[in-house]
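J.: I'd like to ask you about the structure that follows.
Read-outs throughout are calculated quantities, based only on the coordinates presented, and are distinct from any laboratory measurement. Quantities reported herein were computed from a predicted structural model and do not represent experimental measurements. Heads up, the Cβs are rebuilt from the backbone with ideal geometry, glycines too, and the neighbour counts pull from every protein chain shown.
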Amino acid sequence: MKSNLCVLNCAPAAYRCGLLGLFLLLVSGNLAAANEAQPTNQVRTFLESNCYDCHQGESADAGLDLEKLTFDLGKGNQLDRWVRIYDRVESGEMPPAEYGELDPGDKSQFLNTTHQGVIDFQTKLHTKYGRVRGRRLTRKQIERSLQDLLAIDIPLLDFLPEEAKTEGFTTVAEGQGMSHFQIAAHLNTVDAALDEAFRRALSPEDQYQRDFDAQGVARTNPKRRCREPEMRKGKAVIWSSGLIYYGRMPATTAPADGWYQFAVTVSGLKLPKTGGVWSTVRSGPCVSTAPLLSDIATFEAMEQPKTVEFVAWLPKGHMLEIRPGDGTLKKGRFAGGQVGVGEGEDQELPGLAFERVTMERIHQNGDDAQVRQALFGDLKVEPNKDKKKSWKVTSEHPQQDAEKLLLAFASRAYRRPVKASEIEPYAAEVREALENKAEFVDALRLGYRALLCSPRFLYFAEEPGPLDDYEVATRVSYLLTGSTPDAKLTQLAAEGKLHDREVLKEEVRRLLQGKRGEQFLRDLAAEWLDLDQIDFTQPDAKLYRGFDPIVERAMLAETEAYLQTMLEKNLSVTYLIDSDFTYLNSRLARYYEIDGIEGDTLRRVKIPPKSHRGGLLTQGAIMKVTANGTTTSPVVRGVWVSERLLGVDVPAPPSNVPAVEPDIRGAKTIREQLAKHRSQGECASCHTKIDPAGFALENFDPSGRWRDNYLTSNGRKVTKGQPIDASYELPDGKRFENIQGFQKIVTGQPQRLAANVAEKLLVYGTGATIEFADRAEVERIAQLAAAEDYGFRTIIEEVVVSPLFLSK
């Protein structure tokens with residue numbers, strides 16, 4: 001602790017203001033709630049009469065000893081236990097049917113009393129502290145906020161540590177820590193952003209353009225065996241091979257960190273019977289000491305030349321690697337890890353032929369003039385005769401100009417109007433620097449750095465109760481764009497119009513148009529649907545042949561395009577479970593065994609009944625993120641579907657119950673193993689809820705393909721195992737025989753699906769999990785959406801105008 005305080009004391013005053021705020025938030029901890037619900041004789045009598053037989057003493061079922069249960073809801077896990085008891089009694093799960101039916105009057109009185117007690121307790125806490133405490137920006141939101149504030153586009157995520165998820169989201173305040181390591185990482189991120197902004201503002205425009213013909217991207221020495229393209233009939237050629245970095249192009253090496261726009265004219269050679277030559281574009285140093293490559297794009301090359309365009313971030317010294325990437329293609333064999341000219345020709349391999357490659361440095365978030373405007377406002381910025389500093393900023397009144405710029409920047413960084421008195425410590429530090437003969441630019445940068453280290457930038461500054469207009473603008477913007485409010489939102493906040501339901505809904509529609517809507521869905525799906533985990537595992541290549549990075553990227557694109565259609569067309573949330581269409585290109589269609597699809601562009605496709613697919617539920621990306629690469633588990637998939645799509649809360653399993661591991665030898669089916677597992681009393685109640693969805697999906701293997709039998713392997717040979725039985729019974733007694741039967745039952749309950757989507761959006765957008773007291777509002781949102789057939793966009797709009805969203 002002493003060393004950390006020394007750091008604070010030695011820092012400049014304005015810089016300390018930011019650090020100290022973060023430090024105090026780090027060590028202050030949470031305030032404990034002191035309210036206590038009053039016990040009632042009726043509740044205790046109900047429990048004694050109906051529950052003590054099983055839940056009393058050291059041998060109590062599921063470890064729930066009701067004698068130790070108190071009415072102090074602020075103590076330990078008492079609140080969670082009371083909510084769980086309420087839910088089990090209300091649903092009829094408890095007491096078990098074999099113990100007879102409850103007296104309706106006693107049950108009603110118990111539920112009403114318990115319901116009101118919990119509601120009163122949580123409402124008092126919300127009134128005093130708000131639903132969400134101490135919520136900060138996520139690493140992705142920090143990156144985007146800095147980029148938009150400074151009009152820069154450099155990636156910043158690598159400077160910030162990975163974040164834990166709470167109920168699937170990194171935005172939840174309860175799971176957001178702030179360690180000394182994270183504080184240091186934030187400072188490094190701010191420095192990197194400011195370095196880039198001042199570099200661009202005070203240097204000539206970044207310009208880099210190259211136009212290479214085939215010879216320009218081919219190997220420079222035809223006699224040398226290497227991994228660059230070879231010349232063949234006037235074109236630069238790469239053959240299908242498993243050699244890493246084969247297809248690298250040193251000509252495309254980036255001279256500096258930056259975004260580059262590429263246009264590659266290419267055709268396919270010796271096309272396979274399946275169609276064109278599906279290929280990958282990746283980047284990296286492409287040397288053995290740096291083996292990792294970054295995925296950029298995929299495409300299908302045909303006999304006729306086509307131009308493929310893409311944008312890539314290339315750090316200095318990185319280059320492109322473009323090569324056939326279809327895992328089903330025949331691969332060449334080359335001795336010594338290098339390829340000589342002509343060695344692939346006689347092996348009858350599919351290949352790529354390059355005619356031209358163009359490369360241009362671009363900026364994606366504003367040109368240099370916009371960077372200068374963000375930093376220096378209307379001050380004159382021009383070339384300088386001094387060779388040491390090629391550009392200069394002219395200020396006739398440095399102190400006044402600096403204070404004016406700081407005030408404007410603080411208002412944007414803090415997402416609301418700021419008074420001069422509020423940033424006086426920062427302004428004082430800048431004045432002191434100027435008085436000590438610091439350059440104007442250096443002094444101003446010091447002030448910006450301190451502002452961006454303040455908790456008012458890093459944290460959402462909200463008071464308990466309804467949000468004001470600027471807080472509403474901030475919350476809406478970070479939900480839908482992941483960044484600071486734009487000029488239109490800020491203007492509406494200044495005019496006091498953001499508590500008008502129709503104005504808010506119109507802003508939702510505006511912010512979800514075009515690319516911003518696509519980005520919102522990518523952000524949401526990455527966390528809600530775990531799509532950011534899609535490459536966490538790789539399916540076993542021996543068991544699940546044909547899966548490759550091209551298929552994986554197509555699966556991800558399929559789900560994102562599907563969600564985009566749901567948003568644009570305001571389709572019902574039942575489309576999450578079932579539909580008659582999806583989005584495919586030729587490679588993914590071939591993988592799904594769907595005929596008649598050509599080309600590498602995703603297009604809407606009507607699903608043939610024999611494919612067994614329909615809805616987001618059965619898409620390959622979902623099947624992959626819910627499996628481990630080797631086996632599937634109805635439990636894992638069942639929990640995922642229950643929590644992410646159906647809105648069924650699944651408690652953690654008892655600590656003394658071992659997990660069910662699939663029998664990879666195939667001696668016992670997972671159904672047989674789970675039947676034994678459920679025979680343990682404490683396990684049956686949960687598995688009755690989660691297993692149906694898991695078994696409904698058992699026909700989909702870990703790579704997202706349909707299967708009728710499990711596969712078994714002895715290490716050398718893969719054979720068919722037990723046939724798959726996807727039938728099951730839901731808790732309400734409804735039975736289904738396959739995935740189609742399950743989908744039919746679930747789509748018959750659209751309000752439950754709508755309430756779940758509303759809940760996920762509220763958690764993601766407010767940073768607070770849904771508590772018992774919030775349930776009624778979630779259901780109200782779902783009911784309001786019924787008027788528009790539970791449309792996806794309608795639910796988003798109703799969430800944004802709901803009291804839960806518009807309050808701390």
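J.: State, to one decimal in nm, how far the label point of residue 788 lies from the label point of residue 99, with both points 7 Å from Cα in the Cβ direction.
T.: Going by the 7 Å Cα→Cβ label model, 4.5 nm.
J.: Quote the relative contact order of the stretch 112-267 in percent (integer), defining contacts as alpha-carbon pairs under 8 Å separated by 6+ residues.
T.: Relative contact order here is 15 percent.
J.: If you plug each phi of the stretch 731-736 into the Karplus form 6.51 cos²θ - 1.76 cosθ + 1.60 with θ = phi - 60°, what whole-Hz ³J(HN,Hα) values come out, in order, with x for Gly and Pro?
T.: x, 7, x, 6, 10, 10
J.: Moving on to the next point. Counting alpha carbon pairs within less than 8 Å and at least 6 residues apart, what relative contact order, in whole percent, applies to the chain?
T.: Relative contact order, the chain: 13 percent.
J.: Enumerate the amide H contacts of residue 237 below 5 Å, restricted to partners 5 or more residues apart or on another chain; note that Pro and chain-start residues carry no placed amide H.
T.: So residue 237 has HN proximity to 230, 231, 232, 354.
J.: Another one. If you rank 395, 802 by fewest surrounding Cβ atoms within 10 Å, what's the result?
T.: By the 10 Å Cβ count, ascending: 395, 802.
J.: From Cα pairs below 8 angstrom and at least 6 apart in sequence, can you work out the relative contact order of the stretch 41-129, rounded to a whole percent?
T.: 29 percent
J.: Could you tell me which residue out of 612, 277, 514 lies farthest along the dipole of the chain toward its positive end? Charges go on the beta carbon: Lys and Arg +1, Asp and Glu -1, centred on the Cα centre.
T.: 277
J.: Quick check: convex hull of the Cα atoms in the stretch 41-129, volume per residue, rounded to a whole Å³?
T.: Roughly 98 Å³ of hull volume per residue.
J.: OK, next. Enter the mean projected area of the convex hull around the alpha-carbon atoms of the chain, in nm², rounded to one decimal.
T.: 40.1 nm²
J.: Can you list the residues, at least 5 places off or on another chain, whose amide H is less than 5 Å from the amide H of residue 807, using H built in the peptide plane?
T.: Residues meeting the amide H criterion: 467.
J.: With +1 on each Lys and Arg Cβ and -1 on each Asp and Glu Cβ, how big is the dipole of the stretch 209-362 about its Cα centre, in debye rounded to the nearest 20?
T.: Magnitude of the dipole: close to 400 debye.
J.: Please go through the stretch 471-510 and write out the GluC sites (Glu not before Pro) that DSSP classes as loop and that have at most 11 other C-beta atoms within 10 Å.
T.: Within the stretch 471-510, the qualifying GluC sites (Glu not before Pro) (loop, at most 11 other Cβ atoms within 10 Å) are 495.
J.: Let me ask something additional. Counting Lys and Arg as +1 and Asp and Glu as -1, what is the net charge of the other residues whose Cβ lies under 11 Å from the Cβ of residue 428?
T.: Every neighbour counted, the sum reads -4.
J.: Putting +1 on Lys and Arg Cβ atoms and -1 on Asp and Glu Cβ atoms, find which of 112, 334, 146 reaches farthest to the positive end of the dipole of the chain.
T.: Most positive-ward Cα: 334.
J.: Quick one: Karplus J couplings for the stretch 789-805, per residue in order, coefficients 6.51, -1.76, 1.60, θ = phi - 60°, nearest Hz, x for Gly and Pro?
T.: 6, 6, x, 4, 5, 4, 5, 4, 5, 5, 5, 5, 8, 7, x, 5, 6
J.: Under a point-charge model restricted to the Cβ atoms of Lys and Arg (+1) and Asp and Glu (-1), what is the dipole moment magnitude of the chain relative to its Cα centre, in debye to the nearest 20?
T.: Rounded to the nearest 20 debye, it is 2800 debye.
J.: Still on this model: Say the dipole of the chain comes from +1 at the beta carbon of Lys and Arg and -1 at that of Asp and Glu; which of 427, 635, 253 then lies farthest toward its positive end?
T.: Going by the charge dipole, the pick is 253.
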